[in-house]
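Enquirer: Next up is a structure, given as structure tokens.
The values are calculated or read from the model by the stated rules, or taken from the named source; none is laboratory data. The shown structure was predicted, so the numbers you read here are calculated from the model rather than taken from an experiment. Cβ coordinates were reconstructed from backbone atoms using ideal geometry, including for glycine residues, and neighbour counts include every protein chain displayed.
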Amino acid sequence: MSLVFDTNMLIYMLEIVVGGLLVSVGVHFVPVGGAPAAMAQATGIGTGTVTLAAGSGLTGLLSAGLMMSVTDNIWPILATGAVGSMIMMDATMLTGDFIYSYAVGCPYASAKVNYDPITMFPQPPYVAPGTVGQGIPTVCFVSGTIGALLGGVGGAMIYYPCLQIGGNPAQAAIFAIGIFFVQAVIPSWNIQGTIEGFHDPKFKKWPLAFKASLVAGILLAIMTVLIQPLGVA
Amino acid sequence: MDQLKGFKLEPKQLRMYGIIGSVVGIYLTVGLNAMTGTKVFSFIGCIAALFAVLWGANSIRRICSYGLGTGVPAMGMLCTGMACVAAVFGLNIAGRFGFEIAGPIITLVYAMVFGYVVGTLCNKVMKFNIPIMEEGLMDGSGACTMAVLAWSVSLSGSLSYNEIIATVYNTGFLAVIFILGGMALFHPFNANLGPDEKQDRTLIDGMMVGGLAMFGLGICSIVTIGFAPAMLTIVVGFALWYYFFVWYFRLAKRDAAAVVGTGLLPPSAL
Amino acid sequence: MDAFGMGICAAAGALAFVAGASEDIDSDIGSQSNPNSQVQLAAQVGNPHRIYNKAIAGEPPSNALWCAVACLMAYVLIEGYHMPLLFAAVAGASLAALFDGVMSISAYLGRSASQARFNQWIYLDIIRYTTPSIMAHVWITSFCITLIAIIQVYVLTPHHPFPIPVIGLIWGITVGAIGSSVGDIHYGGEREFQWRLFGQGLNTMLSGQIVRKAEAGLRNSIDNAWFCAKFGGPCTGLGFGLTVFLDNWRTTVFDPVTQATYAIAMGCFFVLAMNLYNLYMEISARKKYGPYPGYKGDIAA
């Protein structure tokens, strides 16, 4: 046996690369404040970018995996991955906001813009002195939902070709998790850990992560499509 | 306790230890298993992984001391994420050419190339300007991949692609290897972060987690290679864990300001 | 949809609630994840303390480890020895708790020893009485998540195609991500700093000035669990419970083969509802709390 390369493999490769790019861009949308956000010192979700993206994207992957065990049609698989991921992200942000309003007792505000681009609420009067915003205002919430959508679609899109190649859900899931992590770490290095969403000036750096993820995605895709099931020797 | 001797190792030395130790360990496992026709020597695979852990933990320690803004774990997750795919890549390619024995080498080379490329991207495209990024990521991903491969070999007892897929991937044990491997690489530096971090303490912590991983994977291997060889892995893993834990505790005692049974805050701070 | 599937789905949601709550309390006792940065900083600005410093690589990877290890043990017992599902989950959770104990102790020793120049001592009694408390909470978390994984793979139809260690890993990462983004705010924002003004986040000037003294004597980490169990823990549980329940509910009520569109539309409806609820909370918080009094800018509130 030797290496064969055909059109199908090219399509699989394309799916893995595009899925990775979606994850990579999606991470830029997720409003992550890092450790300061947990002290209500910065706007956004108080955790690390990689793991939050992974938490939501992999929840989407679980839903997508369930869907893919009963159907082969790619659209419901992608959609269900996206929905699972969005539900996780929204539940997280909503309950996080419970704590900001009912325990810390602060209004939500972003320090990066003067007016919330979606609701047009003024922000600076509501930013507590000595901090750079707190909570998850509407623009960040919507941005996070978009990020989860992209992450979920990306995760499902990586999983789909992996399963098509090997026909083995367990192996495909592990490959998808692995590729997902690589594609989530690269953009979070690009934004250096914190971002508020698509209105943040840092968001303009996304083409850099896009390029890096493209190259890394191609390298990973080559490996993934070349791993073909072997007959029993 | 002041007499406790520490050690200092250069990155180049550690790279040699890591590559040679893990590759030789993997071949030794497979060779001895094939020669005796049993799976008894599978535990050597876990010991091979310890060398890779030593190598990888040091590379993460070097890069993360620059501060990447995302915490230490992110880099470990990148390396292990890639390792999940790369570990079987070499085996599969080698298996298709009917030359399975070359699998670990292909895997190692591809993983190191991948790490080097990602490191270059970080510096050139994303403007990190960390001088050792390429080298460090190359070491990190190489070490991670070898660790994942060595643990997979010790779970399946052979280098055959089909057997590794059946015993390690289909059972989901790779998820455990993924996170335990990542933990063994990034936990040491993360747990010892601080201005008085010392290389020997960090690396011994990595070995301790490696021993713990060996213990856990021994339990996994009960269903993959049978009870008796698995018990060997468990017992050796527990012994290694205990040895390194005691060593680590003594190093922590050596480095700490004071170790007290109980008490109030230091007099300077009350 | 059948009554059995619905009941099992509700049980998974309830288990997720408990898992989330205990996960958050476990991380609060150990000062893991985000608030850890302040515990770490405290010694550096001259405030050595008697608070546990469990820096195990952030909550998501560490919880993924506990849950994957618990699922590993469960998998071995179920597939290898055909043990009852519940017993397998108990055995798995016990193993995970032991792993957690080892990692917690090593993190406490390592972090404290690396701060020798700031005179941060290592207190052995803290290890003796706080570690079991952390392990107990980890036991609960990993037990619940192992049961959820077992339910998804062996009980609920359609059976999930992934093996349980993979599902454990994914739910572990998710519960850790939720725990560190929800519950940590209650610990970091409210409990760690109690001499700041109420109604705002931590002023940057106060960084590292954590509360080190309790009503009597010095504050220990178990007091933090006492505080955070009242709101932070349940909120985390709510977040994780919602995630697990809503996600399973829509594929249980609507058959994923024939009614996939409804299942997806239902999910989109949940997402929209949560977006609107957040908007309502934002408006109500702005109205009730009002702008900060010291504000001197041009933009009208």
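Enquirer: Restricting to segment B:245-258, and then to whatever is farther than 14 Å from C:Arg111 by Cβ and over 21 Å from the mean Cα position of the chain (by Cα), can you tell me which residue is nearest to the other protein chains (Cβ to nearest Cβ)?
Expert: B:Ala258
Enquirer: Please state which one of C:Gly217, C:Gly237, C:Gly188 is more than 23 Å from C:Ile8 (Cα to Cα) and surrounded by 14 or more Cβ atoms within 10 Å (Cβ to Cβ).
Expert: C:Gly188 is the lone residue from the list that is more than 23 Å from C:Ile8 (Cα to Cα) and surrounded by 14 or more Cβ atoms within 10 Å (Cβ to Cβ).
Rundown of residues vs (1) of a type in the set (Gly, Ala, Ser); (2) surrounded by fewer than 23 Cβ atoms within 10 Å (Cβ to Cβ), yes/no style:
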residue	(1), (2)
B:Gln199	no, yes
B:Gly210	yes, no
B:Met214	no, no
B:Leu217	no, no
B:Ser221	yes, no
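Enquirer: Now for a different question. Please determine whether any residue of segment C:58-65 is at pLDDT 90 or above, assigned to a helix (DSSP H, G or I) and surrounded by fewer than 24 Cβ atoms within 10 Å (Cβ to Cβ).
Expert: no
Enquirer: Next question. Given the criterion in a helix (DSSP H, G or I), farther than 26 Å from B:Arg250 by Cα and touching a residue at least 12 places away in the same chain (Cβ under 8 Å), identify the matching residue among C:Ala93, C:Ala107.
Expert: It is C:Ala93.
Enquirer: Then there is this: I need the full set of residues from segment A:111-134 which are within 15 Å of A:Asp200 (Cα to Cα) and more than 7 Å from chain C (Cβ to nearest Cβ), in order please.
Expert: Hits for segment A:111-134 are A:Ala111, A:Lys112, A:Val113, A:Tyr115, A:Asp116, A:Pro117, A:Ile118, A:Gln123, A:Val132, A:Gly133.
Enquirer: Further, regarding this structure: If you scan segment A:62-82, which residues turn out to be more than 7 Å from chain C (Cβ to nearest Cβ) and closer than 24 Å to C:Val155 by Cα?
Expert: Those that are more than 7 Å from chain C (Cβ to nearest Cβ) and closer than 24 Å to C:Val155 by Cα: A:Ala64, A:Met68, A:Asp72, A:Ile77, A:Gly81.
Enquirer: Say whether the condition of being of a type in the set (Val, Ile, Thr) and either buried (at least 24 other Cβ atoms within 10 Å of the Cβ) or on the phi > 0 side of the Ramachandran plot (or both) is met by at least one residue in segment A:67-74. Steps first, answer last, please.
Expert: Looking only at segment A:67-74, we keep the residues that are of a type in the set (Val, Ile, Thr), and these are A:70-71, A:74.
Imposing the further condition that a residue be either buried (at least 24 other Cβ atoms within 10 Å of the Cβ) or on the phi > 0 side of the Ramachandran plot (or both) reduces the set to none.
Within segment A:67-74, not a single residue is of a type in the set (Val, Ile, Thr) and either buried (at least 24 other Cβ atoms within 10 Å of the Cβ) or on the phi > 0 side of the Ramachandran plot (or both).
Enquirer: Looking only at residues that are aliphatic (A, V, I, L, M) and not in a loop (DSSP other than H, G, I, E, B) in segment A:111-148, which one is surrounded by the most Cβ atoms within 10 Å (Cβ to Cβ)?
Expert: A:Ala148
Enquirer: Got a number for residues in segment B:124-161 being within 11 Å of another protein chain (Cβ to nearest Cβ), buried (at least 24 other Cβ atoms within 10 Å of the Cβ) and in contact with an Asp or Glu (Cβ under 7 Å, 6 or more places away or on another chain)?
Expert: Qualifying residue count for the region: 0.
Enquirer: What is the residue count in segment C:113-129 for residues that are in contact (Cβ under 8 Å) with a residue 12 or more places away in the chain and either touching a strand residue (DSSP E or B) at 6+ places or on another chain (Cβ under 8 Å) or farther than 16 Å from B:Leu264 by Cα (or both)?
Expert: So the answer is 4.
Enquirer: Could you tell me whether segment C:150-157 includes any residue that is part of a loop (DSSP other than H, G, I, E, B), in contact with a strand residue (DSSP E or B) (Cβ under 8 Å, 6 or more places away or on another chain) and at pLDDT below 85?
Expert: no
Enquirer: Name the single residue, out of those in segment A:98-110 being touching a residue at least 60 places away in the same chain (Cβ under 8 Å) and not in a loop (DSSP other than H, G, I, E, B), that is farthest from the other protein chains (Cβ to nearest Cβ).
Expert: Keep residues of segment A:98-110 that are touching a residue at least 60 places away in the same chain (Cβ under 8 Å), which gives A:100, A:104, A:106, A:108-110.
Adding the requirement that they be not in a loop (DSSP other than H, G, I, E, B) leaves A:100, A:104, A:109-110.
Details: A:Tyr100: 7, A:Val104: 4, A:Ala109: 9, A:Ser110: 11 Å.
By that ranking, first place goes to A:Ser110.
Enquirer: Same structure, new question: Let me spell it out: the conditions are (1) in contact (Cβ under 8 Å) with a residue 60 or more places away in the chain; (2) polar (S, T, N, Q); (3) in contact with a strand residue (DSSP E or B) (Cβ under 8 Å, 6 or more places away or on another chain), and A:Gln123 meets all of them except one. Which number is the exception?
Expert: Failed condition: (1).
Enquirer: Let me ask something else about it. Those residues that are part of a helix (DSSP H, G or I) and out of contact with any Gly (no Cβ under 6 Å at 6 or more places or on another chain), I need them from segment B:185-204; list them, please.
Expert: B:His187, B:Phe189, B:Asn190, B:Gln199, B:Arg201, B:Thr202, B:Leu203, B:Ile204
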